[in-house]
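Everything below concerns the one structure shown next.
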Amino acid sequence: MRHLAPSPTLMPMPISNRHRTLSALLLAAALAALPAAGRAQTAADLGKSLTPVGADPRPNADGSIPAWTGGARELLSWTDPDNYPNPYADEKPLAVITAANLAQYQDKLSAGHIALLKKYPATYSVPLYKTHRSAFFAQSVYDETALNPGRAKLANGGVTGSPGGVPFPIPKTGEEVILNHKFRFMGAAYGQTLTNVNVAPNGDVSASKLEYELFREHGNPRIKPEARVPNMLSYYLERKLSPAREAGEMVLAHSLISAAPGTPFQSIWIYSPGQRRVRLAPEFAYDTPQRDGMVTSDELDEFNGGTDRYDWKLLGKRELIVPYSNYAMLQSGAKAADILKPGHVNPAFMRYELHRVWVVEATLKKGASHIYAKRVFYVDEDSWCAVVQEKYDQRGELWRVSETVPVIAPWLGGVFTSTDNFYDLRSGRYLTSLTNDSKPKFKLLNDRSADYYSPQNLRNLGTR
């Protein structure tokens, strides 16, 4: 979850429908090439023929995707949350994919990345590196996941019966896959300082800075299940640092595990330093615009809202080149001026690997309202992170592309997501979040409790 301040919506502008045709052809070909499913997997396969969270641990046919052998647990030796080393700094790309050599790789690329290569043929590229199946989770996540088959149930766009872990490690529907993404564990209690950057087509930058905290109830190993607040997923607290006109404003969000039909999955309160008061905000959900209208509320973290406005179709698995293990942008020595280029992030600061992903297609239900008529999600099988998303307008044309990068955060016990890049193919604008100059990189907040994140305490925090 990221910056929540409302912004005006950008109006769609027409583009060619060639992206739509290419997307359909490539996706059909890639999925058709996958082997037929064998016997049905069961809970007994978790940790055996499946990883503890439900991924296929085997290498692919040519070994370009290696076997999963437990993840990069050696990175647990990192002990300083103020320093984010790059374990793969000495590696060189196996290939650099450009518009010129696209034909050699397009069966392993998403329609979104193909569109970016074609839109910026002179500057955009996809550096392909050796694949590391680095994802791992704490044992508490594995233990809860093993119990979820049979007890976790879909419930009005949320989940019931799962106090922790991956709710649906052996998914049968697209909705189950996207909820695995939403409920994946990324730490119990932590904070960061972020610089959100909106980059214009000519490279001009508009930046805002904030610090946030996230405290998780669902699956928090520090809280006994019976002591957790019922039906609470997490608490999010944000304090804006800049620009000056917004400094001191605070946002508090309570996110639910499930919600009754017609009720929101989030309650949000805003503290205004000028008025020194807390007010309940109108619902921030679905396609409420965020970050100057460049993203919707439910596409922060790729998807975080209710699933009820879409029909979800599970298209299977696919081998795809996706952003992964991108530690270069996290280094303190990285400079924003070097990272941020017109049109897109400097490819020298990105890293892509070949991984197996679940492919989920979300189609807007008849009579439902959203600016995106269709969305395609690519969800990493090892981390359950939605690493790429393609967003289509009401005419079925590809409009926006986003990518989120899994990395290892040992201070949080496993997988975290770092870089979020949101590209608008029409306007040429993009958004990204920087932590390169943040100190500490993470704040561990193990002394926090649910009471700290109450609306009653928000005013106290704002006036300190």
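The values are calculated or read from the model by the stated rules, or taken from the named source; none is laboratory data. Only a predicted model underlies this, so the values are computations on that prediction, with no experimental measurement involved. A quick note on method: Cβ atoms are made from the backbone with ideal geometry, for glycine too, and the neighbour counts reach across all protein chains shown. The area values use the complete protein model at the heavy-atom level, side chains included, leaving out ligands, DNA and RNA. Shrake-Rupley method; radii C 1.70, N 1.55, O 1.52, S 1.80 Å.
Summed over the range 90-125, the residues that are assigned to a strand (DSSP E or B) and open to solvent by less than 60 Å² (accessible area, probe 1.4 Å) give a count of 2. Only residues that are touching an Asp or Glu at 6+ places or on another chain (Cβ under 8 Å) and open to solvent by 10 Å² or more (accessible area, probe 1.4 Å) were counted across the range 318-333, and they come to 1.
When the range 418-464 is filtered for residues that are within 21 Å of T79 (Cα to Cα) and of a type in the set (A, V, I, L, M, F, W, C), the ones remaining, listed by number, are F442, L444, L445. With respect to P87, is the statement that it is in contact with a strand residue (DSSP E or B) (Cβ under 7 Å, 6 or more places away or on another chain), part of a loop (DSSP other than H, G, I, E, B), in contact (Cβ under 8 Å) with a residue 40 or more places away in the chain and within 30 Å of N220 (Cβ to Cβ) true? So P87 does not fit the description; no. Put simply, of E299, E319 the only residue that is acidic (D, E) and touching a Leu at 6+ places or on another chain (Cβ under 7 Å) is E319. Among the residues in the range 138-149, are any touching a Pro at 6+ places or on another chain (Cβ under 7 Å), in a strand (DSSP E or B) and either closer than 15 Å to L412 by Cβ or open to solvent by 30 Å² or more (accessible area, probe 1.4 Å) (or both)? No, every residue in the range 138-149 fails to be touching a Pro at 6+ places or on another chain (Cβ under 7 Å), in a strand (DSSP E or B) and either closer than 15 Å to L412 by Cβ or open to solvent by 30 Å² or more (accessible area, probe 1.4 Å) (or both). E217 - would you say it is touching a Gly at 6+ places or on another chain (Cβ under 6 Å), modelled with pLDDT of 95 or more and closer than 24 Å to A285 by Cβ? No, not satisfied. Give me the pairs, please: first residue somewhere in the range 351-369 and within 12 Å of T307 (Cα to Cα), second residue anywhere and at pLDDT below 95, beta-carbon distance under 7 Å, and either six or more positions apart or on two chains. Cβ pairs passing all conditions: L364/R309; K365/R309; A368/R309. Could you list, in sequence order, all residues of the range 126-137 that are more than 15 Å from D380 (Cβ to Cβ), out of contact with any helix residue (DSSP H, G or I) (no Cβ under 7 Å at 6 or more places or on another chain) and open to solvent by less than 30 Å² (accessible area, probe 1.4 Å)? Passing the criteria: only L128. Pairs meeting the criteria (first residue in the range 273-290 and free of Cβ contacts under 8 Å to residues at least 12 places away in the same chain, second residue open to solvent by less than 70 Å² (accessible area, probe 1.4 Å), beta carbons under 6 Å, at least 6 apart or on different chains) are R279/I270.
In the range 437-464, of all residues being open to solvent by less than 10 Å² (accessible area, probe 1.4 Å) and in a loop (DSSP other than H, G, I, E, B), the one that is nearest to E249 (Cα to Cα) corresponds to S438.
Here is the figure for the range 155-185: residues that are open to solvent by 10 Å² or more (accessible area, probe 1.4 Å), modelled with pLDDT of 95 or more and of a type in the set (A, V, I, L, M, F, W, C) total 3. Being modelled with pLDDT of 95 or more and of a type in the set (S, T, Y) is a description that does not apply to S297. Please state which of the following conditions A67 fails to meet, knowing it meets all the rest: (1) among the aliphatic types (A, V, I, L, M); (2) in a loop (DSSP other than H, G, I, E, B); (3) within 30 Å of L412 (Cα to Cα); (4) open to solvent by 50 Å² or more (accessible area, probe 1.4 Å). With (1) among the aliphatic types (A, V, I, L, M); (2) in a loop (DSSP other than H, G, I, E, B); (3) within 30 Å of L412 (Cα to Cα); (4) open to solvent by 50 Å² or more (accessible area, probe 1.4 Å) applied to A67, the lone miss is (4). Annotation note: of W399, W411, W384, the sole residue that is more than 17 Å from M350 (Cα to Cα) and part of a helix (DSSP H, G or I) is W411.
Is one or more of the residues making up the range 382-400 surrounded by fewer than 23 Cβ atoms within 10 Å (Cβ to Cβ), β-branched (V, I, T) and touching a strand residue (DSSP E or B) at 6+ places or on another chain (Cβ under 8 Å)? Taking every residue of the range 382-400 in turn, none turns out to be surrounded by fewer than 23 Cβ atoms within 10 Å (Cβ to Cβ), β-branched (V, I, T) and touching a strand residue (DSSP E or B) at 6+ places or on another chain (Cβ under 8 Å). Which condition does A61 not pass, out of (1) of a type in the set (A, V, I, L, M, F, W, C); (2) surrounded by 12 or more Cβ atoms within 10 Å (Cβ to Cβ); (3) at pLDDT 95 or above, if it passes all the others? Tallying (1) of a type in the set (A, V, I, L, M, F, W, C); (2) surrounded by 12 or more Cβ atoms within 10 Å (Cβ to Cβ); (3) at pLDDT 95 or above, A61 fails exactly one: (2). Against the test of being out of contact with any Ser or Thr (no Cβ under 8 Å at 6 or more places or on another chain), charged (D, E, K, R) and open to solvent by 20 Å² or more (accessible area, probe 1.4 Å), the options D308, D292, D287 yield a single qualifying residue, D308. Just one of the listed residues (S234, S206) is open to solvent by less than 70 Å² (accessible area, probe 1.4 Å), among the small types (G, A, S), modelled with pLDDT of 95 or more and touching a Lys or Arg at 6+ places or on another chain (Cβ under 7 Å), namely S234.
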